[in-house]
Each structure stands twice: as C-alpha cells, then as structure tokens.
Amino acid sequence: MQEAMIARAKELLADGSVSRVMGWKKGEFSYDISPAVFENADQLVDFVYDDFCGANVSKYLINESKKEGKILAFLKPCDSYSFAQLLKEHRIDREKVYVIGIPSYGKADINKIRAKGIDGVLGIKSEGTDFIVDTIYGEEKIAKFEAMSERCLTCKSKKHVDVDEMMGEEGEWNAESKRFDKVAELEAMTPDERFEFWRGELSRCIRCNACRNVCPACTCVSCVFDNPNSDINNKAAASSFEENMFHIIRAFHVAGRCTDCGECSRVCPQNIPLHLLNRKFIKDINELYGQYQAGANADEKYPMVNFTFDDCEPGIVYKRGGNQ
Amino acid sequence: MVKLNVSKLNDFFAAIAAEEKLYIPVDSADGAAFRPYEAGMEMSKACNSTRSAKDFFFPQVENLVNFKVDHNKKSIEIIDNRTEAEDFVIFGVRACDMASFEILDRVYLSDPVDSYYKNRRDHGVIVTAACGRPQETCFCTAFGIDASNPAGDVTTWFVGDDVYFKANTEKGEALVAKVAAIGESAEEKPVEDFKAGVKFMMGRLPIKDIKLDKISARGLMENFNSPIWDDEFKTCLGCGTCTFVCPTCQCFDVREFKTNEGVIRFRCWDSCMYSDFTQMSHGNNRVSQKERFRQRFMHKLVYFPNNNEGIYGCVGCGRCLRSCPQSLNIVKVAKALGGKD
Amino acid sequence: MQVEEKEFKPTIVAFCCNWCSYAGADLSGTNRLQYPANVKIIRIPCSCRLNPMFILRAFQRGADGVILCGCHPGDCHYTTGNYYARRRMTLLFSMLDFLGIEKERTRVEWVSAAEGQKFAETMNDFVATVTKLGENHRLEDLRCKKQ
C-alpha cells in the first residue's frame, strides 16, 4: 500500500496537479510516526503508511488549503469524516485539496503494547495477524487484535465520505459497532459511582490542551479558554471545578460536530478516556433527535443548529438514564 | 553500604511514613505515578514515572499570596501563604530526574532565590534508584548522565532480591540508619557488577548518539536561522504536553483568580508552545507556531548551555518522546539540527 | 419542634428571558406573590443567550441550583430562540447527569409574562427541591467558598 501511495503521489507531483503531499513521516522507531507535509518528491523517501499512522491529518488541511497550490491528502475513513465536517463548516477550501481515500483496518496503539509488558520497543513488523516486536530485551510477539487501539476496535465506519479517488478497497458503514457500550455502562451506574469514576479520570488532567488542539472540530481561531480576561485558566489545573468545566465545555462545543474520530483520547498523555464525553453527546443526539453522523451528509443541518417543534423538554433528563 | 531484602522494603517504607510523608512510584491508570505511601502499596517496576519528579518541588499550581477585600472597611488585607514545608521523602527518583534538579536549582536557587522552591528543596529528601531496565526512549548518556549511579541524598540499587542503600549526604545518613536497623551491611561487589551491566545496556540504546557537539559548534545565530525550523514545526499542535511532562521545563505564569471575597495570586506552569506565553501589552513576541517551537528547542539545546557553562537544558528522560501526540520531539529536532553525517 | 441551628438556605440563580419570564417575575412581584429571597434573577435577552458556561460559572461562584426561564415554545420574541435553548439544555443537563452531578440542581421552565403565579410556584418548588439536595459540592470551587 505504502509503495503504491508514494508512486501515486510522485505521479501527481510530477504532472503538476498537486504541489504538496499531506501524509505521515517515519520516526526513530517504527511506532513514533508524525503527520507531515512533503514539499517535493525527494522528501517522500520518509513517507510511511502502516499500522501506526493513527494521527488524523484533516485539521492540518485548514491551514494548508490557505496556501498557494493544491495539496494531496491521503485520508483514512475516520479522517474523511472530519474532513467533510470541516468542509461543511467552510474551514477548508475544497478546490485546494486533492483527496485520495485509503483503507484502514485498524491502527495499533503503542501504549497497549507496552501495557502487555513489552518494553524497550525498537521496531515492529507486521506478520499476518501478529506483530513481531523487536525490543532491546529480545523479540516478542503480540496479536494485532490485542495491540489495536480502542477506537479502532469500536470502528463506526470503514467507508469514506468525500474523496476524489480511492486506493484500495472501499469499506462499509459498521452498524454493529459497539462504540456506545461503555457510555451505556456508565449510564447504568448510580450518580455517585459516575461521579467517582469521572473524578478519578478528570483529576489526572494536566490541562496540556492536547485534546483541544488535536480535535478536528475545535477550530476556533481563538479559544474561550485562551482569553486572558475570561478568568478561566487555560493552563492551570487549579481546581476540580475547572477540570470539570473545561471538559464539559470542550465536549459541548463540538457536540453535533464531533465525528467520533477518537483523537482526543489518543493524544491524552494521562490516558483519560475523553472520547466518552463526546460519545455521550452523540448517543443522546441519536436517541433524542434522530440518528446523526457528523460529516456524513453535506446538506443535512447539524443537530445543534436545528430543532423541531415537538422536541423533548429538558425535563426528560430526570426520567431517563442513570440509576437513582 | 547497607542492603535490605526486597520483601522487607515495605517495612522500611512504613518506618519512614510513620515519621514523615513518603512518596513512592506506583502503577496507576496513567502509568507510574508518585503517590503518598500507604500500607500495602507496591512500588512500580516501570522505568520511570509518567510525570516527572519536579512536581514535588515546583508544583503545577501554587498559591503565592491571597488578598482579602473588605468592602465595608474599604481595606485590602494581604495574606502570605508561605509556611515552612513539611519534611518529605521521595523514593525511586531516576538519574535523569535527579539531574533535572541541578538544572532547576540553577534557575531557582540563583539570585534572586525563589523562596517557594527553596522551601521544598530544603525539606525534601531524595532517594534515587539506579535504572535496571532502560527503555528505547532513554538518551541520558548523551548528556553525560550515568543511569547506573545517580546522585541524591541516598542512592539505591535493586539487584536481584536485594536493595542496596548508600547515603550521599547528611540527610541521607539519617535515612540509611533506619535501613541498617532492619537490614545488613553489604559488600560493594554486586552493585559494581550491576552498574557494569547497566552501562552495557545503555551503550546499546538506539538514540544515545545525538550529535550535540555539532549543534554547539555551529553558534547561536546559525542554529536560530537554520532551515530545519521551517520543516519540523509544521505538524506541531501547539499543546503543552511536552513542557508539562518535562522535568526541566521551568517557565511559569503568574495569574490572579477573583474569589468571592478577594483575589488569589497563584503561579502555574506555562508552556512556550502556547500562544499567550510571555504575552505583553503589544501582544506576543512569538507570533507563529514555528517561533514557539524553535524557542523550546533552542532554549534547551543552545541558550541554556550558552548561559550555564555548557550544561544542556535536557536530561534525556524521554518523556516527550512518549507523550507528544504527534511524535515530534527533541531527538528528532536535535538530529535534524545536528545534521545527518 | 426543634429548629436546626443553622438552616440551609440554597442560593438559586434564575436566568430569565427579558420578554416573558422577567416580566412574569415582575408580575408575581406586583401581585405580591411570595417566593424565597434567595432566588437571584439574572436577566438575559433570550433563553437562547444562555451559554452553558453561564450555568457552570454560577455553580462555581456558589449557586446550589440554576434554573432557566424563557418564553413558551412557539412564543419566543425572536421566533425560534427557545427551541435552540431547549436542545442545548437537554444535552447539557444530560451531560451533567453523566458526570454524576445531581440532575435536580438544574431545571428549565417556560414562564410567560402573564404567568406571575407560575413563576412564584416554580421558584418555591425549585427552592424546596434544592434545599432537600443540600449544598452543591460536586460542582463547587473551593476557592470561592467563604473562609
């Protein structure tokens, strides 16, 4: 796949239809891959596409599409939803991006490999359904399934939204996805248990803002949490209240626009399952206002700027979800 | 030198915890983390904690002073929060984090002395632990740090089923005396063998050879104007993860929080990656992410050594390699800046 | 009957839309209907103006309960504002519940300019509910507590 992608990119660069390429660049080890912009064919020597290219590159296209010339972007299915949502919000100039859809069969998470007690990882080779992990302390083997990131295990769709060209096979929407199971599990708890759960998670927050900055839906030029006059501290985890507020508002502001790409949880240095907050909103929207997938349909109004005359009243919250 | 069987380690912890606060690294949802010792806790076997040990001396948020406003009397009372810190022991600090304290000391203990930092530094006893299982992200050897022989008030080595203790300072002597009561005196030989083993492992690490001398040789302006900055920063998110997990990042911001009765003036870690870092009335003097990105690495690799007899502002703990959301890090930058050959 | 030494009086913040509910509150005042004095009314141009952050900030600053009053659906001065507010508040309250914060602390009630009676009743009922819940601890900011 990787070789074919590089070849196609070189072709498009050579015939002048694009002037830059957005993709992934290899790192020091096989797992520390960075998203990167390649300016010419020579730089593509570092181009990589493998099991560790989990980073969503759609958000970078906002800035890239403001520059001169067209950029080629390789988008995974989940990236393409983010991309389509950004188009809908008029954040990306569609004319300036040439999109090639690439399949993704689930990306690996180095932290899951480490959690299995495999440390000192130097290189990771894919062999059938296994990863052969070369470490400082010898060779280890782990099933790909066990190393796959949580968001990929509950993948919602392997189908792309808005692409100019497909490489590889197009997938399908996965109606069987169990992505709301954890949310439902939390909903079934008592409020006290839920409070304990979230305190345990959110109290670890160091307010690095990685979840906000990586989020393809968080595209405000200036964030409310960055306003020095707002009396909200953008970098201090000064009180439990602010941890709660930051995460409620972060998730609320992208409610209805969040495509559930899972980047927030991927980037969290403290392993807080932030995607659960976003999924709670998605689940509520689906249940109360009808099925909705952000990014899937360019013409559909998104739920927070829409209403019907007979929407449920906020009082419904007292009746549904959660044990007393 | 005194040794103690690992099975007796918790007795030792209990003896310290009975008298003062003791922090040990334990496994938690976010990896190894220093937590106050409670009976039955098991020490983490991880190579290092997710967050650095600097938190104990330079916490993320610290109240400096409170102002209490009385509207009836039209008065403002100034309340100084500084109290003498309690004595505490932090156990299991690695060589890289220990080296980071020397860097922080240079900043905070040089004139004018930061009394908040000094207070904690004076009351903290640091027990270091030699590394036994370095990771691929470790590159402390590049900065001349010996992972097998860390400094600190007390140094410990976990060799087989025994823990070896050696006091380095007066504060450390008192602690080792407690070990001596339940342990036994030991020879240096097993520790020396262990050190040799660790050194061998350190020599095999993949990223230890970053060419720092090449960066130094190039001079400040040449590094500053290097074309690599145009390339490397592009996918930096501008989040503060690298700075917040870094054991040597020492920048802070002083902010005020209006309570219902007055004002709390506090300081919190700041990050040069943020757009409001060193914000002034005219705005920010680093307007693009490229400049902010450059600042962080130039500070660690060029400015700091220029001002501090060649000591780099990085200790090679590898936390930023593990935590950066997009895997951009100091090693990649140093390699690009140092050149390929 | 034994009277407790320190009776808990909750602080309630009521966000009222300018066109209906604020006038409703006014009417309940001119009709000399009683509702507890610990309800602090904040006037907003429309229920739709209520940023979720306002609610959270009210809790931070010491509120024990927050209620939003607006025009009845269909009667919004700006035609559709309260329909948007309805969706927003539903999701926000659901999220607060998800985080384990007592759901009875927040409420939305539609009160027209003619419903002075309803306004007073709503406030009495809400204050009673929040009094039963006690002080807000789950969304408090210790820095804002009286020392």
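The values are calculated or read from the model by the stated rules, or taken from the named source; none is laboratory data. Predicted model, so just to flag it, every value in this text is computed and none were measured. Glycine gets a Cβ as well: all are built from the backbone with ideal geometry, and neighbour counts include every protein chain shown.
Among all residue pairs at least 6 apart or on different chains, which show Cβ distances below 7 Å where the first residue, located in the stretch B:11-34, is outside any strand (DSSP E or B) and the second is among the aromatic types (F, W, Y)? Qualifying pairs under 7 Å: B:F13/B:Y37; B:A17/B:Y37; B:E20/B:F88. C:R86 satisfies every condition listed in (1) more than 29 Å from B:K258 (Cα to Cα); (2) surrounded by fewer than 19 Cβ atoms within 10 Å (Cβ to Cβ) except (2). Taken over the stretch B:278-288, the criterion of being out of contact with any Lys or Arg (no Cβ under 6 Å at 6 or more places or on another chain) and more than 9 Å from chain A (Cβ to nearest Cβ) is satisfied by B:T278, B:M280, B:S281, B:H282, B:G283, B:N284, B:N285, B:V287, B:S288.
Candidates are the residues of the stretch A:230-287 that are of a type in the set (F, W, Y) and more than 14 Å from chain B (Cβ to nearest Cβ); the one that is surrounded by the most Cβ atoms within 10 Å (Cβ to Cβ) is A:F281.
Applying the criterion of being among the charged types (D, E, K, R) and within 8 Å of chain C (Cβ to nearest Cβ) to the residues of the stretch A:299-315, the residue that is surrounded by the most Cβ atoms within 10 Å (Cβ to Cβ) is A:D311.
Checked against (1) more than 9 Å from chain B (Cβ to nearest Cβ); (2) more than 24 Å from A:N286 (Cα to Cα); (3) not in a loop (DSSP other than H, G, I, E, B), A:N213 passes all but condition (1). Scanning the stretch B:98-143 for residues that are closer than 23 Å to B:E188 by Cα and out of contact with any strand residue (DSSP E or B) (no Cβ under 9 Å at 6 or more places or on another chain) returns B:C131, B:R133, B:P134.
Of the residues making up the stretch B:291-339, those that are of a type in the set (A, V, I, L, M), within 14 Å of chain A (Cβ to nearest Cβ) and assigned to a helix (DSSP H, G or I) are B:L321, B:I330, B:V331, B:V333, B:A334, B:A336.
If you go through the stretch B:239-261 one residue at a time, do you hit one that is in contact with a strand residue (DSSP E or B) (Cβ under 9 Å, 6 or more places away or on another chain), away from chain A (no Cβ under 14 Å), surrounded by fewer than 20 Cβ atoms within 10 Å (Cβ to Cβ) and more than 22 Å from A:V221 (Cα to Cα)? Yes: one or more hits.
Here is a yes/no grid of residues against (1) within 14 Å of another protein chain (Cβ to nearest Cβ); (2) in contact with a Leu (Cβ under 6 Å, 6 or more places away or on another chain); (3) farther than 23 Å from A:D284 by Cβ:
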position	(1), (2), (3)
A:I142	no, no, yes
A:C152	no, no, yes
A:D162	no, no, yes
A:E170	no, no, yes
A:A175	no, no, no
A:R179	no, no, no
A:P191	yes, no, no
A:E196	yes, no, no
A:R199	yes, no, no
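Got at least one residue in the stretch C:131-138 being outside any helix (DSSP H, G or I), within 7 Å of chain A (Cβ to nearest Cβ), of a type in the set (D, E, K, R) and under 22 Å from A:F246 (Cα atoms)? For the stretch C:131-138, residues outside any helix (DSSP H, G or I), within 7 Å of chain A (Cβ to nearest Cβ), of a type in the set (D, E, K, R) and under 22 Å from A:F246 (Cα atoms): present.
Of the candidates A:K88, A:K96, A:K76, the single residue that is in contact (Cβ under 8 Å) with a residue 60 or more places away in the chain and in the same structural domain as A:G23 (by TED's automatic domain parsing) is A:K88.
Yes/no matrix, rows are residues, columns are (1) out of contact with any Lys or Arg (no Cβ under 7 Å at 6 or more places or on another chain); (2) farther than 25 Å from C:T30 by Cβ; (3) among the aliphatic types (A, V, I, L, M); (4) not in a helix (DSSP H, G or I):
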| residue | (1), (2), (3), (4) |
| --- | --- |
| C:C69 | yes, no, no, yes |
| C:Y78 | yes, yes, no, yes |
| C:S94 | yes, yes, no, no |
| C:E109 | yes, no, no, yes |
| C:A113 | yes, no, yes, yes |
| C:Q117 | yes, no, no, no |
| C:M123 | yes, no, yes, no |
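Apart from one condition, A:F29 fits all of (1) buried (at least 23 other Cβ atoms within 10 Å of the Cβ); (2) over 18 Å from A:M167 (Cα atoms); (3) hydrophobic (A, V, I, L, M, F, W, C); the exception is (1). In the stretch B:96-116, the residues that are closer than 30 Å to B:G132 by Cβ form Cβ pairs under 8 Å with partners that are among the hydroxyl-bearing types (S, T, Y) and part of a helix (DSSP H, G or I), at six or more places apart or across chains, as follows: B:L104/B:Y117.
Listed by first and then second residue, the pairs with beta-carbon distance under 9 Å, at least 6 apart or on different chains, first residue in the stretch A:8-28 and farther than 21 Å from A:D79 by Cβ, second at pLDDT below 95 and charged (D, E, K, R), are A:E28/B:E136; A:E28/B:K332; A:E28/B:K335.
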